[in-house]
Structure formats: structure tokens, C-alpha cells
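What follows is a short report on a single structure.
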Amino acid sequence: NMKSTINLILISLLTFSLVLTSCISEQSGKPRSTGKTNVILVVTNTKAQWESNIGAQVQEFFGRDLVGLPQPEPMFTFYNIALKDFNKIYKKFHNILIIDINPEWDEPLVETKTDLWSWPQRIIKITAPDEQSFAGVFSEQQDGFLRLYNKMERERVINSFEMANDVSISNKLIRDFNLYLAVPGGFNVAKQDENFIWMRHTV
């Protein structure tokens with residue numbers, strides 16, 4: 001039916017990997033965020049910390065396989081840097097997880113911000129006095145972290161499609177099906193009838 005067909009079109013469009021440019025966003029006045037889809041930049045105090053139980057816990061949760069795909073594919077992949085290397089280039093990344101193990105703190109603190117250094121962007125910072133307390137707060141709130149990063153990925157895909165929208169295809173969908181859908185350039189209508197449209201991407 002038409003609903004199933006539209007869903008299939010959406011799934012096909014979302015399979016394209018997106019790398020956004022670093023131009024200035026008209027909406028925020030900040031640099032456009034960078035990084036491939038479904039990648040988290042993890043900032044740790046040291047590289048050794050990422051190779052410890054802290055890094056293993058993060059990778060075990062966010063690196064789980066996506067459900068429903070014909071071959072294994074993780075929800076997220078990772079890029080790790082030490083805090084000393086966290087410069088303005090890395091601050092443009094769209095998904096950032098900062099882990100700060102600081103013995104001067106009495107209890108863990110979780111902070112989250114959007115669009116701090118670029119747009120769109122999601123930053124989550126976890127400060128904890130030791131590895132054990134980090135493990136506890138991460139386990140308690142990991143599902144919420146996942147929702148925030150997934151929301152960011154959806155926003156980036158939508159924004160990217162809107163920027164690259166093929167107006168002629170979108171107008172056709174409105175005219176023929178009373179449906180608005182941002183379709184990036186490179187798609188052509190391969191087949192259409194009264195209740196069906198099939199769009200194919202030309203390589």
C-alpha cells in the first residue's frame with residue numbers, strides 16, 4: 001500500500017552516509033558540525049583510560065549491533081582522543097562524550113549541552129571521582145544518553161536532506177500524493193502509478 005511504499009522510500013534515503021560541511025549555519029551562527037553518521041567522539045583524560053574498563057563499558061553499550069539488519073552493524077562507532085588534544089577542530093564534532101575522572105569530586109555529575117561549539121551538536125560530559133562511580137552513573141543513565149545521540153542523528157539527517165533537497169522531486173510528491181518529503185539530489189523516478197512511486201538513486 002501507499003504507506004508501506006513511503007516507508008520504503010524513507011528507509012532507502014536514510015541508508016546514505018552523510019558527511020556535513022563546515023560552513024556557517026544560518027540558524028545558529030555557529031560552524032556546521034562535522035563527523036560521519038553514527039560516530040561518537042569520546043574524550044578521555046588519557047588514551048590509556050579509553051583502553052581500560054571505562055572505554056570497554058562505553059563500547060559495549062553504544063557498540064551493540066543494530067536490530068533487523070542482514071549483517072552485523074554497530075549502533076555507533078567511536079573516535080577517541082585525550083583531553084590535551086581536544087582542540088577547536090574536534091569541538092566541531094556532532095556527537096561528543098567527555099569522560100573526566102577527577103578525584104577532587106565527591107560524587108558523579110552528568111551534564112549535557114546542545115550546539116555549544118557547532119550546530120547541530122550534542123555533548124554529554126560525565127565527571128566522576130573514580131572508575132567505579134563512573135561505571136555506576138553510566139549504567140543508570142545510558143539509555144537516556146542513547147536517546148539523546150539518536151535524536152541528534154535524526155536531526156542531522158533531516159537537516160542535510162533539507163539542504164540538498166531536489167525541489168522538482170519534492171513538488172512532484174506534493175502534487176501527486178499530497179506528501180512532502182525532502183529528497184536529496186541524484187534521485188529519479190523509476191516507476192509510478194496512481195498509488196505507487198519508486199525512486200532510484202543514480203550513481
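Placing THR44, THR77 in order of accessible area, with the largest value first and a 1.4 Å probe, yields THR77, THR44. A 1.4 Å probe, protein heavy atoms only, puts the accessible area of ARG200 near 120 Å². Listed by chain and number, the aspartates and glutamates placed with their C-alpha closer than 17 angstrom to that of LYS191 are ASP176; residues fewer than eight positions away on the same chain are left out. Loop-located trypsin sites (Lys or Arg not before Pro) in region 84-173 (DSSP state not H, G, I, E or B) with no more than 12 neighbouring Cβ atoms inside 10 Å: LYS88. Dipole of region 48-203 computed with +1 at Lys/Arg Cβ and -1 at Asp/Glu Cβ about the Cα centre; of GLN49, HIS201, ILE89, farthest Cα towards the positive end is HIS201.
Is the C-alpha gyration tensor of region 107-159 telling us rounded, prolate or oblate? Criteria: a/c under 1.5 is rounded; beyond that, a/b larger than b/c is prolate, otherwise oblate.
Cα axes put region 107-159 in the oblate bin.
In straight-distance terms, cross-link reach from LYS172 covers every one of the aspartates and glutamates whose alpha-carbon lies under 14 Å from its own, apart from those fewer than eight places away in the same chain; here that gives ASP193, GLU194.
Could you order ASP106, ASP130, ASP115, ASP65 so the one with the most accessible surface comes first? Probe is 1.4 Å.
Numbers: ASP106 150, ASP130 70, ASP115 45, ASP65 90 Å².
Largest accessible area first, the residues go ASP106, ASP65, ASP130, ASP115.
Could you order PHE187, PHE196 by accessible surface area, starting with the largest, using a probe radius of 1.4 Å? Could you put the intermediate results ahead of the total?
On the way: PHE187 10, PHE196 70 Å².
The ranking, largest first, comes out as PHE196, PHE187.
The residues neighbouring ASN150, those whose beta-carbon lies less than 14 Å from its own, together hold a net charge of +3 under the Lys/Arg +1, Asp/Glu -1 convention. The accessible area of SER52, taken with all protein chains in place and a 1.4 Å probe, comes to roughly 40 Å². Accessible surface area normalised per residue over region 30-155 is 53 Å², counting heavy atoms of protein chains with a 1.4 Å rolling probe. Within the accessible area of region 81-197, the carbon and sulfur atoms contribute 50%, probe 1.4 Å, all protein chains present.
Which pairs in the list LYS30/LYS151; LYS36/LYS113; LYS47/LYS151 are over 22 Å apart, alpha-carbon to alpha-carbon?
Numbers: LYS30/LYS151 20 Å; LYS36/LYS113 20 Å; LYS47/LYS151 28 Å.
Table pairs above 22 Å Cα-Cα are LYS47/LYS151.
The values are calculated or read from the model by the stated rules, or taken from the named source; none is laboratory data. Since the model is a prediction, treat every value here as computed from it, not as a measurement. All Cβ positions, glycine included, derive from the backbone under ideal geometry; neighbour counts span all protein chains shown. Side chains are part of the model used for accessible areas, which takes the heavy atoms of the whole protein and leaves out ligands, DNA and RNA. Shrake-Rupley method; radii C 1.70, N 1.55, O 1.52, S 1.80 Å.
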